């Protein structure tokens, strides 16, 4: 099953068919989510209109963790089963994840100032999220630091797997320690503690961010497969 | 909207942008998020296009070499 | 096939080891990872006057007094213990009686003199009408007391 998709040529064919569908899904979901979030959802009883930052902040934070987990799984498959496509998927995920992590930190800062009274605190949630950003940046730096791509892939895959430990720390930091950041509202044991009128735009935006990730991933994987072909062709020309 | 006077519509727009005074926090959040996501997508697409062009050029020269 | 299994076992074991190491490290540094201490943490330890503390909990209902020289006094509670706080400065928008707060400062005799007050909001999001309806139907207290018991407002670490 895995081998069917792991074939780069077959992947290229599937990707070029799937890409326009994913693109349209992203645009539709984001459009609906933005409409609900900005025009058709109530202000919060405590936070007023500032609650609308949630519709970009929370999906970005979810995607930051989702991308990292996906990257770690792909890197693990690449390391153990030596699937070239898995390595490419891990590499292609990193910039998207780094962007989402930065956005979660940035929008969180903009939300924290009016609500908490500070742009930044060194509590467990915010600090572990900053560590996640450094893990992404470290991975990107490491994978590009080697002349031999195989060695770069191996070292950076190990880094990703080591850093995976940070993901549960981020998720549960608000439950394990006293933090300024509040506990989870949606992904919690006893169901969401968020009104339905606010949950819908949040979930739509989260879905839009997810399809956006797949969209960028498809484009990037195609680009990386072609890039590998170019390298092989050039090597052949030099030696031929 | 037709039943509203112009002034009222303008007020509504101003209220919407102002966001109870939180506009300065809400709008940068949305704009930077949208901006960064679009930039990343555009960069990735350019990377693909550039690679496709390079590959095509390489394949053409490879063919010429064979001939 | 054998080499793949070897690598799989190796990666699995390495991750397990790493998780254990991380868990041990984090529990060892629990003291410095917590962002604030609860009134109970403070009361059960002897406080030193020259040490900077972060004190967090709920602003006790009816305890906020605004004095004329921009000084605000209130009490921070975790439902078990209470600390008197005095603060001079601008309060964040979310500073409210019955809501979470984190303050930073020194103890001057029994009063915690804060130079920074941060509001800590809970994880409930709803429109004002829903909040009013909940309050009217009497379900509000039930919900908030359940939350306080779970320690959500106070921060999990104090429980």
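Data table
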quantity	calculated
Per-residue mean of C-beta atoms belonging to partner chains within 10 Å, peptide C:8-15	3
Highest-fluctuation residue, A:111, A:177, A:119 considered, GNM on chain A with Cα pairs under 10 Å	A:177
Rounded D (µm²/s) - segment C:62-140, Kirkwood Rh over Cα pairs, Stokes-Einstein at 20 °C, 1.002 mPa s	152 µm²/s
Computed over segment A:137-210: relative contact order in percent, which uses C-alpha pairs under 8 Å that are six or more apart	13 percent
P(r) histogram, all alpha-carbon pairs of chain B included - 5 Å bins from 0, percent	3, 13, 10, 10, 9, 9, 9, 7, 6, 6, 5, 4, 4, 3, 2, 0
Length released on extending from residue C:44 to residue C:64, taking residue separation times 0.36 nm less the Cα-Cα span	4.8 nm
Length gained when the stretch residue C:81-residue C:135 is fully extended (0.36 nm per residue, less Cα-Cα span)	16.8 nm
Neighbour-count order for A:225, A:14, fewest beta carbons within 10 angstrom listed first	A:14, A:225
Fraction of alpha-carbon pairs over 24 Å apart in segment A:53-239 - percent	44 percent
Overall dimensions of the protein assembly as shown by Cα: Rg and Dmax, Å	26.3, 94
Relative contact order (%) - segment A:53-239, alpha-carbon pairs under 8 angstrom, separation at least six	28 percent
Computed E for residue B:9/residue A:39 - FRET, C-beta separation, R0 22 angstrom, nearest 0.05	0.90
Gyration tensor (alpha-carbon) shape descriptor, chain C, a/c threshold 1.5	oblate
Gap separating the Cα centres of segment A:25-47 and segment A:80-125, nearest whole Å	22 Å
Residues residue A:21 and residue C:116, FRET efficiency given R0 of 45 Å [Cβ-Cβ distance, rounded to 0.05]	0.30
Highest-fluctuation residue, B:41, B:55, B:31 considered, GNM on chain B with Cα pairs under 10 Å	B:55
Efficiency of FRET from Cβ geometry, residue A:137 and residue B:52, R₀ 35 Å, rounded to 0.05	0.80
CD proxy at 222 nm, helix term only [per DSSP H run n ≥ 4: -39500 (n - 2.57); per residue of chain C; nearest 500]	-11500 deg cm²/dmol
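Each value in this text was obtained by applying a stated rule to the coordinates, not by laboratory testing. Fair warning: this is a prediction, and the values are worked out from it, not measured in the lab. So basically every Cβ, Gly included, is an ideal-geometry build from the backbone, and we count neighbours across all protein chains shown.
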